[in-house]
Amino acid sequence: MPRSTLIETTDERLVPHPAEALYVALADVRAYPRWWPRELGVSVPRAEAGVVGSEIAVDPGGGRPFTLRIVEARAPRRIAFVCEADWLEGEGEWSLRKRGAGALVRYAVHRRADRWLAALAGRMLDLAGVHSRQMHAVLEALEAEAGRRVTRGAGARR
């Protein structure tokens, strides 16, 4: 049996808020624990003013913890990150595109889990499907957070 498994998935959502408001919500990593779904166990060990270098720790119930480190930010279109853990590596990004009065927000990841237990789970479960279900909840929460920011005024930071 292989010792690693590949997890690739892309999830997207059309939201009625401007890309700028979504970007401000995504760049405000200190606020993630407030709006990300609780079951993902999000905390922020490091938040940089320019967002690059910020770290988001994820400790999902039923899964193993890992860290997302932001490596690139191009307002208001893209935030790229790397996934880091002793068992997981890879990269991903948030991308934002204007669509009418709103925006299309897309989350894409390409990860490799390098442990026999993850490889076994990958044979038994649709890991990309599990990840997508979790990310749909995150995208829904992001839409709500951007809406709160728009209501408070032009995507202002809290």
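A few points about this structure:
- Value of relative contact order over region 63-111, rounded to a whole percent, pairs C-alpha under 8 Å and six or more apart: 27
- Backbone N under 19 Å from the A144 label point (7 Å along Cα→Cβ), restricted to region 13-30: 13-18, 21-30
- Label-to-label distance, nm, for residues given as R106 and R30 (7 Å Cα→Cβ offset): 3.2
- Relative contact order (%) - criterion: Cα under 8 Å, at least six apart; region: region 1-65: 21
- Charge dipole magnitude, Cβ of K and R +1, D and E -1 - region 31-100, Cα centre, debye nearest 20: 600
Since every read-out is calculated from the coordinates, none of them should be taken as a lab result. Note that the coordinates shown come from a computational prediction; the quantities given were computed from them, not determined experimentally. Every residue, glycine as well, gets a Cβ built from its backbone with ideal geometry; the counts of neighbours run over all protein chains shown.
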